[in-house]
Each structure stands twice: as C-alpha cells, then as structure tokens.
Amino acid sequence: MNGVHDLGGMQGFGPVVREEQEPVFHARWETVVVAIQQATRAGGMINIDEFRHGIERMEPAHYLASSYYEHWLDGISRVLIEKSVISAAELDQRTSFFKERPDAPLSAAFTQPASEPRSRPRSGQHPYQRESTALPQFAPGDRVITREMQPAGHTRLPRYARGKRGTIDRLHGVYVFPDTHAHGLGEQPQPLYSVRFEAQDLWGEAPETDQTVSLDLWESYLRVRE
Amino acid sequence: MGKNHPNVDPYVVSRVRALESLLLEKGILAPDAVDRVIRQYENDTGPLIGAKVVARAWCDPGYKRRLLENATDALADFGLNYDLLVVVENTPTVHNMVVCTLCSCYPWPVLGLPPTWYKQPAYRSRAVLEPRQLLREFGLEIAAERAIHVWDSSAELRYMVLPQRPAGIDDLSEEEL
C-alpha cells in the first residue's frame, strides 16, 4: 500500500538525531512488546508479512508521532483483533482497567492463566527460502524495469522504485512472496533478485549523482527492458 | 514530545499491560517470556560478533574473500548459524550504506538491535535520496571520487558493511582489533 511507512525519498524530516549511549530498551513495556511479538511469531499466529502490514495500516499521523515499539503495539493489536485472537472490546476494557489501577499486578485482571502456552511445533523448514524447479526469468546483467502499480495491500516494492530502470546483479534464490503471504493468500514463492538502480534513473534530476541504490525484488515486480 | 521516551504515556503503558495480561490468560504468552527477552537483550552482544568478523577479514585475506562470497559459510567459523547475511565491502572507489526504508530490517545476529535513529523517518527517507549529505552531517565526508552505494533491505536478506581496513594497524592481532 502507498502508506506512510513508505518513506524512501520523502523530505522534511530534518537531521538524523542520534542518542548517545542509547539503551537497548527505554522502558519495560518495550521488552513486553518484544516478548509478545516473539510469542505471536513463534506460535505461528502472525507471520512477518502480516506483522509488517499491521503496522503499515496505522493511522498515518499516529505512525509519525509515535515511537518504534508503539508501532509494534499498534500493529500486533490490529492483527490479533482481525484474527479474533482477542477482541477490540476486551483490549479496551482491559486497558481501562490498568489505566485506573496503574499499580495492579497483571493477575488482578484474570483468574488462572493457561498452564502451557500454545505453540506450533517448529518445522525444519527455512522461514523464508523455498525450493523451486521453476526457471528464473532473469539473470545477472539483465536490464529490467520495475512495475508501476498501486497495490492496496502489502508490498515490498517502495514507491520511489516503481516504474524505474534497473539491472539485475544477483539471483538470491526463491523466497516466500510477502504480497500474498501478508493476506492469507499463500507463500507463492518466487525468485528474488538484487537489482541495482542509478541515482538519475530513480530520481531524475537527482540531488546527488555518483550514487546507486540496490533493492531486493521479487520476480513479479520486474519486467524485461530492452 | 520525544519519540524516544514514551514511557510516560499512561495509555501506552496500560495498553501494553492489558495486552500482556490477555495473552498470558489465553496461554499465548509464557509467564517467563518477558524475563527471557530482558536477559537476551540486556547484554546485547550482537555487535561483538560483527566486530570479530570484521577484524578477521582485516587480518586474513582468505577469510575476507570467503566473507564476501558466502557470508553464511564465513559466519559459521564463529559458531553462528545465519544464512541471510550479505557483506558488502567499502573500497577506495565505493562507500556502502544500509537502510530499510519500509521498516527497520537490520542484521540483528551480527550487529545486535538497531539504534533508534536507523528506524526513524529522517534516516529512512534521506538515505536513498541524499546519502552523501547525510554522511556529511554524521561528520563523514566521502571523497568526490568515491561513489556511494545504498542497500535498501526490502526482502529478508540483511546487509553489513565491511569498512576499509585502517592504515597503521598491521602489527595488531585480530584480538587486539
């Protein structure tokens, strides 16, 4: 989707601000969000593409105004509600409960937790790479042009790189396709390529020349360029 | 309002407590899961592995070649099982930069968790458009005769830059580095 997360090439955000000696986490709640993310991923409940697309659908102003782990909180909550793992009502009720009782222990809100967390047995399968007998369409050195498209759903082809001329540098292998995997439409694995773009082909009158950008792009993002 | 310190926001804090308690109750979150995360990252030693890899590449041209051709194989030397890394080399003619414009993809297993600035809009938006100016603001002036190559981590491959070997370290051992 042409969402607020698709930031490449935007202007106006000012300088990169770095915090000296930054701690890994700034507050305990951030570690809780990480633990929740790991649990929902390991349990097979939310795949990485669904997780990212959950964040991409944040209210744009909220995305820009909030911190990184607030993105995770918002995105994971959205997807858990969509998958009926929790309901919006119970999350809101529980939030009010703890807002009114900031010192209450977690167990104040419920009786007995389930004894064993549900989780899917780990398959031996690689999380992203797949075998395929299909012949890749492109080879290193091939000239390509990226699709110009406006998908309403999840994609990993950023707007700044759509409809742009590039060159195949490398075939990485065959990988799960996020555009379908994020929407319950299957893994649909495709060849994945490292594609190189010249600054002037991406930006036209580029502010900087002598610059290239490489992206990792799935085969269906690419067309032959004569 | 600082994006780095939202821990004062009672809505966020109570919403996280709410989600945590719901998922504990439903058996989705293990009771010790948060403690495990704290232990895992409190002593985030991720960057040390990357540093060791770079030091070895600087000392051993054969290792450097292996690292650039097949990082998976080279990382195994350090006991790391990670097959999604690509290492790109800085040279007298090319300076490399890594970004994830769409989110925050970063080579956690070799560099630890990314710093906040890497995940924020200013870096993500500008790195692909004006990397040379960005580096200048970081205090690094890239010579005009060097091109800049930016890697936008749009899939699951992760990128690490092998910096140029500094001068004057020939007599340092790998460990000292």
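Laboratory data are not the source of any read-out in this text; all were calculated from the coordinates shown. It should be emphasised that the depicted structure is a prediction, and the values quoted were computed from it without experimental measurement. Counting neighbours? That spans all protein chains shown, and the Cβs are built from the backbone with ideal geometry, glycine included.
To the nearest 20 debye, what is the magnitude of the charge dipole of the range A:1-94 about its Cα centre, counting +1 on the Cβ of each Lys and Arg and -1 on the Cβ of each Asp and Glu?
The calculation lands at about 200 debye.
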Scattering from the C-alpha atoms of the range B:14-80 alone, worked out with Debye: what is log10 I(q)/I(0) at q = 0.19, 0.29 1/Å? -0.75, -1.18
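Is the shape of the range A:1-76 rounded, prolate or oblate, going by the alpha carbon gyration tensor and its root eigenvalues a ≥ b ≥ c, with a/c under 1.5 for rounded and a/b larger than b/c for prolate? It would help to have the intermediate numbers written out before the result.
Numbers: a/c = 2.34, a/b = 1.19, b/c = 1.96.
Cα axes put the range A:1-76 in the oblate bin.
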Once you mark the GluC sites (Glu not before Pro) that are in a DSSP loop and have at most 15 other Cβ atoms within 10 Å, what is the longest gap between them in chain B? B:1-140
21 Å tail of the calculated P(r), the range A:1-134, as % of Cα pairs: 57 percent
Using a simple charge model, +1 on the beta-carbon of Lys and Arg, -1 on the beta-carbon of Asp and Glu, nothing else, what dipole does chain A show about its Cα centre, in debye to the nearest 20? 600 debye
Fewest to most neighbouring Cβ within 10 Å: what's the order for B:T93, A:T155, A:T40? B:T93, A:T40, A:T155
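Order these peptides, B:100-106, A:213-219, A:137-143, by their mean beta-carbon neighbour count within 10 angstrom, highest first. Walk me through the intermediate numbers first.
Working: B:100-106: 23.3, A:213-219: 25.4, A:137-143: 13.6.
Ranking the peptides B:100-106, A:213-219, A:137-143 by packing returns A:213-219, B:100-106, A:137-143.
Can you give the average number of partner chain beta-carbon atoms within 10 Å of each beta-carbon in peptide A:15-22, as a whole number? Don't skip to the answer; put the middle values down first.
Working: counts 7, 13, 8, 7, 6, 0, 0, 5.
That average works out to 6.
From the Cα gyration tensor of the range B:36-122, with a ≥ b ≥ c the square roots of its eigenvalues, which class applies: rounded if a/c is under 1.5, or else prolate if a/b is larger than b/c, or else oblate?
Note, shape of the range B:36-122 comes out oblate.
Under unit Cβ charges (Lys, Arg +1; Asp, Glu -1), what dipole magnitude, rounded to 20 debye, does chain B have relative to its Cα centre? Don't skip to the answer; put the middle values down first.
On the way: 19 positive and 24 negative charges, 130 e Å.
About 620 debye.
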Span from the the range B:89-128 Cα centroid across to the the range A:69-85 one, whole angstrom: 26 Å
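Within a 10 angstrom radius of each residue's Cβ in B:97-104, how many Cβ atoms of other chains show up on average? Whole number is fine. Spell out each step's value before the answer.
On the way: counts 2, 0, 3, 2, 12, 14, 11, 5.
Going residue by residue through B:97-104 and averaging, the value is 6.
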Where a Cα-Cα gap under 22 Å defines reach, which lysines qualify for B:K119, not counting those fewer than 8 residues away within the same chain? B:K3
One point scatterer per Cα, no solvent, Debye formula: log10 I(q)/I(0) for the protein assembly as shown at q = 0.07, 0.08, 0.10 Å⁻¹ comes out as -0.35, -0.46, -0.73
Have a look at A:G184, A:W203, A:W218 and report the one farthest towards the positive end of the charge dipole of the range A:180-219, computed about the Cα centre with Cβ charges (Lys/Arg +1, Asp/Glu -1). A:G184
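Shape verdict for the range B:25-177, please, from the Cα gyration tensor: rounded (a/c under 1.5), prolate (a/b greater than b/c) or oblate. Walk me through the numbers on the way to the answer.
Details: a/c = 2.02, a/b = 1.26, b/c = 1.60.
Oblate is the answer for the range B:25-177, as a/c is 1.5 or above yet b/c matches or exceeds a/b.
FRET efficiency for A:R18 and A:T209, Cβ-Cβ distance as r, R0 = 30 Å, nearest 0.05? Write down the numbers at each step before the final one.
On the way: r = 27 Å, r/R0 = 0.90.
Between A:R18 and A:T209 the formula returns 0.65.
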Projecting each Cα onto the charge dipole of chain B (Lys/Arg +1, Asp/Glu -1 at the beta carbon, about the Cα centre), which of B:L135, B:T72, B:A51 comes out farthest on the positive side? B:L135
Those aspartates and glutamates that a straight Cα-Cα span of less than 19 Å connects to B:K52, excepting residues fewer than 8 apart in one chain: B:D44, B:D60, B:E69, B:D73, B:D77, B:D83, B:E89, B:D170, B:D171, B:E174, B:E175, B:E176
Report the dimensions of chain A along its three principal axes from the alpha-carbon atoms, largest first, rounded to Å. 66, 46, 34
Straight distance only, please: which aspartates and glutamates reach the Cα of A:K83 with their own Cα at less than 16 Å, same-chain residues fewer than 8 apart left out? A:D49, A:E50, A:D74
Dipole of the protein assembly as shown [Lys/Arg +1, Asp/Glu -1 at C-beta], most positive-end residue of B:L23, A:H5, A:A27: B:L23
Could you calculate the FRET efficiency of A:E187 with A:M149 from 1/(1 + (r/R0)^6), where r is the beta carbon distance between them and R0 is 30 Å, rounded to 0.05? 0.90
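Counting only other chains, what is the mean number of Cβ atoms within 10 angstrom of the Cβ of each residue in peptide B:146-152? Mind showing how you got there, number by number?
Values: counts 1, 5, 7, 5, 8, 7, 11.
Per residue, the number of nearby Cβ atoms from other chains is 6 on average.
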